[in-house]
Amino acid sequence: MAKIYTVGHSSHTAEHFLALLSQHGIQALVDTRSAPYSRYSPQFDRESLKEAVLATGVKYLWLGDVVGGRPKNESCYDAEGRVLYSRVAMQTEFREAIERLKRGADEFRVALLCSEEDPAHCHRRLLVSRVLLGEGVEIAHIRGDGSLDKDDDVARKSGKLLIENQPALFGELDDANWRSTGVIGKKATHQDRALTKSNPQKVCQVCWTPSRVSSTVKHRPCHRKRHRLSPGCTPLKTAFWGYFFGSSEC
């Protein structure tokens with residue numbers, strides 16, 4: 001049986017995080033964060049993390065665009081802004097990524113990365129791991145102290161059970177029973193949409209934060225100093241029109 005690990009970077013130091021990977025013999029780290037940047041722990045920004053991981057001989061792959069907790073498809077959200085995992089699981093790109101993970105697990109010791117140390121309410125468990133478990137893949141969660149939890153352990157400690165694993169019945173599952181535990185996106189107000197369409201101010205491609213520089217400048221860092229800017233509402237139109245994301249980094 002194939003086995004895949006999961007791990008959350010939390011606020012660990014880079015050294016501690018790399019030690020966790022080494023302790024469990026991880027050979028390939030798959031980043032499942034939709035926005036692979038950490039507001040409070042810049043050592044886990046995509047570029048910095050990739051460089052540090054590769055330096056230890058571990059492979060790095062970002063799949064957050066297809067298995068992340070912030071799907072681009074607007075139909076994958078309910079009216080409250082929660083992610084409907086049953087709909088995400090039916091997306092072609094998601095299914096292809098799951099098959100890729102399974103193939104990778106046959107060759108390497110793979111770990112799925114997200115931001116939360118506790119996997120109980122993280123999409124890497126509630127969405128990705130659930131689908132993998134339903135297809136016969138063993139899942140082990142690496143905790144911050146180096147210990148390993150099976151999903152039964154996580155469920156017992158948190159009281160958050162996974163819905164019965166029946167991948168073949170994804171289309172028949174009640175959306176309300178399989179969705180993110182927190183609000184990931186919120187409906188933009190009419191005023192928000194008007195500002196987004198008409199305001200010439202630039203927004204960050206990564207975090208979509210409005211720029212504090214002149215709109216005549218083509219590319220400048222946003223105030224977080226490590227992201228790039230894109231004109232007007234282009235990121236909102238192409239990525240997820242009509243919603244603004246919250247603060248979670250899934």
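Every number in this text was worked out from the coordinates using simple rules, so none of it is lab data. The model shown is predicted, which means the values in this text are computed figures rather than measured ones. Virtual Cβ from ideal backbone geometry, glycine too; neighbours counted across all protein chains shown.
Can you give me the Cα centroid spacing of region 1-40 and region 58-104 in angstrom? A separation of 18 Å, based on Cα centres.
Couplings for region 130-139, taken from phi via the Karplus curve 6.51 cos²θ - 1.76 cosθ + 1.60 with θ = phi - 60°, read 4, 5, 5, 4, x, 10, x, 8, 7, 10 Hz in order; Gly and Pro are left as x. Counting 0.36 nm for each residue step from S48 to Y60 and taking away their Cα separation leaves a gain of 3.2 nm.
Couplings 3J(HN,Hα) of region 22-29, computed from phi: 5, 4, 9, x, 5, 10, 9, 9 Hz, in residue order, whole Hz [Karplus 6.51 cos²θ - 1.76 cosθ + 1.60, θ = phi - 60°; x for Gly and Pro]. Around the amide H of T181, modelled in the peptide plane, lies no amide H under 5 Å away from a residue 5 or more places distant or on another chain.
Measuring against 25 Å, Cα to Cα, the residue pairs K3/K50; K50/K157; K102/K157; K3/K157; K59/K157; K72/K150 contain K50/K157; K102/K157; K59/K157; K72/K150 as the ones spanning a longer distance. Under 5 Å from the amide H of Y60 lie the amide H atoms of L29, each residue being 5 or more positions distant or on a separate chain, with H modelled from the backbone and absent for Pro and chain starts. Annotation: extensible slack from D152 through A2 equals 52.2 nm (criterion: 0.36 nm per residue apart, minus Cα-Cα distance).
Converting phi to 3J(HN,Hα) with the Karplus coefficients 6.51, -1.76 and 1.60 and the offset θ = phi - 60°, region 108-113 yields 10, 8, 9, 10, 8, 9 Hz in sequence order, with x at every glycine or proline.
Annotation: peptides 59-65, 82-88, ranked by per-residue average of other Cβ atoms within 10 Å with the highest first, follow the order 82-88, 59-65. With neighbours defined as other Cβ atoms within 10 Å of a residue's Cβ, the residues I98, I142 order from fewest to most as I98, I142. The order of S34, S147, S11, going from fewest to most other C-beta atoms within 10 Å of their C-beta, is S147, S11, S34. Sorting the segments 51-58, 129-136, 3-10 by their mean number of nearby beta carbons within 10 angstrom, highest to lowest, gives 3-10, 129-136, 51-58. Around the amide H of T6, modelled in the peptide plane, lie the amide H atoms of L112, A140, H141, I142, all under 5 Å away and 5 or more residues distant in sequence or on another chain.
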